[in-house]
Amino acid sequence: MTKRHKNILTRIIAFILLFSLLAASPAMEIRAKAAPAAADKKACWISFLDIEALLQDKNEKDFRSRVSAMYDRVIQYGMNTVIVHVRALGDAMYPSDYYPWAEYFTTGRRDPGYDPLQIMLDLAHQKNLQFEAWINPYRLSRNSSSTLSFKATSQYEAFRSFSIEYTAPGGQTCLVLDPAKPETRELITNGVKEIVSRYDVDGIHFDDYFYVSGMADNVDTATRKKNVNALVSQVYKAIKSIRPDCTFGISPAGNPDSARDQGADIDTWLSTPGYVDYIMPQVYWTDVYVTSKGAELMFTNRCSAWTKINKLDLPLYVGLALYRAGERSKTDLGWSTSDTNLAYQYLTAKQFGYDGYALFRYQWLEKDIAAAELDHLKDY
């Protein structure tokens, strides 16, 4: 038997063993329909990538029409919340005193002549959707071209002394704000206060872009956490001083160890008041997962790990990988072997006490490959 055949045989055996494990575990079954608690958050992330693909350079009338249709699709699939990128790259989806217009919304970062955030917020509330403003706090650019675009803005000179230029994996030149600098914290906090004071958003939402690979690899984990914590606590206090009802949540990487390495002090956030109102880990794996060591219930194990950290019993929402529907992975086999992954994952998370989910990301609501997954999920 060749080495290749042995590898294939090993994978097949692991696959069979894993399905035997699934069949024997009552937690793995898709149970009969049951109405979830009314408070369950069922959200869809609307990323800057969705905005770039679907909303860029539209006049106000067309923008309103397209956003309204997007929200209708969110509602069609049983969701009640949208988490919308309003600052992805040191920019703004609204007229800002601190940040330039978003390069992915208008060509040349021009003022579109209307306020897209206000329109998206008003339409969401008209359709009884909760609206959370999603911010990447530190990131200023995504690639070399984006870096040149940001350097051409009038704001760059003001940011220059507290930003870092680095080479990202793949060779692209990128910019981020330096998490160690007090000027960085002040800028980000002012940007959050600008949103919360001007717009009736239901929440502010940060994701997992803290210390990304390449930007400051010489900074140890303890220092990363200290710098990020200083920002998170400052933002939390600022939000509550303006609107105590406005929530502040963070969506870190789904692997707790990876989240910690990136500077997310999840243990403190989930054990000490004054940091966040909720956590939404991105648990982007199925339970049909095969590693070199054998089969693993990856989704279940990661969900369980987060509940053990949650000493404050804060709301936990699970981030789900809609974008992986139908994906053919050599290790995460569930995506290509089932179309009930998301429904199963939501129900499993519920068993661990999670209060809802968010789907990454909107464009897959319009893709045929994800339709079956979505149809099963909306039944719960």
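Number of Lys pairs in region 236-361 with C-alpha atoms less than 21 angstrom apart, excluding same-chain neighbours closer than eight positions? Walk me through the numbers on the way to the answer.
Details: LYS237/LYS311; LYS293/LYS330; LYS308/LYS350; LYS311/LYS350.
Taking the Cα cut-off of 21 Å, the pair count is 4.
Ignoring everything except DSSP H segments at least 4 long, calculate the 222 nm mean residue ellipticity for the chain; use -39,500 (n - 2.57) per segment, divide by total residues, nearest 500. Mind dumping the intermediate values first?
On the way: 14 runs with 152 residues, N = 380.
Helix contribution divided over all residues of the chain: -12000 deg cm²/dmol.
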Checklist outcome for this item: Other residues with Cβ under 10 Å from the Cβ of MET93 give, with Lys and Arg +1 and Asp and Glu -1, a net charge of -1
Next on the checklist: With an 8 Å Cα cut-off and a minimum separation of 6 or more residues, compute the relative contact order for region 270-347 in percent.
Outcome noted: 36
Checklist outcome for this item: region 124-281: relative contact order from alpha carbon pairs under 8 Å, six or more residues apart, as a whole percent, is 24
Item to check | Stretchable slack from LEU312 to GLN363, in nm (0.36 nm times residue separation minus alpha-carbon distance) | outcome: 14.9 nm
Checklist outcome for this item: Residues meeting the amide H criterion for LYS42 (H placed from the backbone, H to H distance under 5 Å, 5 or more places apart or on another chain) are ASN80, THR81, TYR357
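Quick one, what does Rg over Rh come out to for region 226-380 if you take C-alpha atoms and the Kirkwood Rh?
On the way: Rg = 16.6 Å, Rh = 16.5 Å.
Ratio of gyration radius to Kirkwood radius for region 226-380: 1.00.
Mean Kyte-Doolittle of at least 0.0 and a Cα length of 18 Å or more along the axis: which whole DSSP H helices of the chain meet both? Could you put the intermediate results ahead of the total?
Working: long enough: 3-24 (32 Å, 1.05); 60-76 (24 Å, -0.88); 182-198 (24 Å, -0.58); 221-242 (32 Å, -0.19).
The qualifying helices are 3-24.
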Checklist outcome for this item: Scoring only Lys, Arg, Asp and Glu (+1, +1, -1, -1) among other residues with Cβ under 12 Å from the Cβ of ASP220 yields +2
Item to check | Label of the coordinate-derived value, Rg and Dmax of the Cα atoms in Å, listed as (1) 49.1, 138; (2) 21.2, 69; (3) 34.3, 114 | outcome: (2)
Checklist entry - Which of the peptides 318-326, 195-203 is most tightly packed, and how do the rest follow, going by the mean number of other Cβ atoms within 10 Å of each residue? => result 318-326, 195-203
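Taken together, the values in this text are just the output of simple stated rules run on the coordinates, not laboratory data. This structure is a prediction, so every number in the text was calculated from the model and none was measured. Ideal geometry is used to build each Cβ from the backbone, glycine not excepted, and the neighbour counts take in all protein chains shown.
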